[in-house]
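Input: a single structure, listed below in structure tokens.
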Amino acid sequence: LTYLQRGINFVKKKEYEKAIQDFNKAIEIDHLFANAYVQRGIVYGLKKDHEQAIKDYTRAIEINPNHAEAYFNRSLSWSSLGDSAKSLADNEKAGTLDSQYLATPDEGSTDNAKAKEENQETYKIDPKTRSCLEKGTLLNKEGKYPLAIEEYDKVIKNYPDFASAYFYKGLALYNNHEDSKALDNFKKALELDPKNNAYMKIVSNVSKKLKVPGN
């Protein structure tokens, strides 16, 4: 295994110090290894050292200005530090570089003004619940959809009228090929925020896929 691969395996085992040591070695061998900085940044984020995580993500972006994952992860660290403006900017940049970071599946664009409004709403929830939302986002990105859904359920339990939580849960269900359940959550999000264009579009798209009457 390479130092990078072994470090990632250590992260999965939650052996963070060993992971950092391997990522350090990978960077010593190649100081322009952007992915090594990103992976080390992820570990620092897991250790709640978001300042150091941001430094690593920023270095990765300096090496590769089109590194979508670096922007996305940096947005989460900015969020954890309470800087919503920088978090939103990085989140939007990640979406423009890689469609997997867009909020809505099967949609190439969203209403940017509404997206900003919706993103700002996430910062009104308490820090512990916000952490669940961010963890769910990371788990969804890693393909761990059932675990992501569990995190979103925690958010919904604390904030049952929070439209975004249903939307993101719907995305995880959609990615897990549970389209009917995903549609139920998208509809709930739209019910709570009926003027949200992104919710309207995704309800329409998934309804058509499932051939729901009236769509």
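Bear in mind these aren't lab numbers, they're just calculated from the coordinates by the rules spelled out. Bear in mind that the values here come from a model prediction, so they are computed numbers and not experimental data. As a convention, Cβ positions derive from the backbone with ideal geometry for all residues, glycine included, and neighbour counts pool all protein chains shown.
Here are a few things to note about the model shown:
- Matching the structure-derived semi-axes √(5λ) of the Cα gyration tensor in Å against the labelled list (1) 32, 17, 17; (2) 32, 22, 17; (3) 46, 21, 11 gives the label (1).
- Computed [θ] at 222 nm, helices only, for the chain once each DSSP H run of length n ≥ 4 contributes -39500 (n - 2.57): -23500 deg cm²/dmol
- Here the alpha carbons of the range 115-209 define both size measures, Rg and Dmax, at 12.3, 37 Å.
- Estimated FRET transfer efficiency (GLU150, GLN21; beta-carbon r; R0 30 Å; 0.05): 0.45
- Pairs with C-alpha atoms separated by more than 28 Å, drawn from the list LYS141/LYS188; LYS157/LYS181; LYS18/LYS169, are LYS18/LYS169.
- Cβ-placed point charges (K, R +1; D, E -1), dipole of the chain about Cα centre in debye, nearest 20: 400
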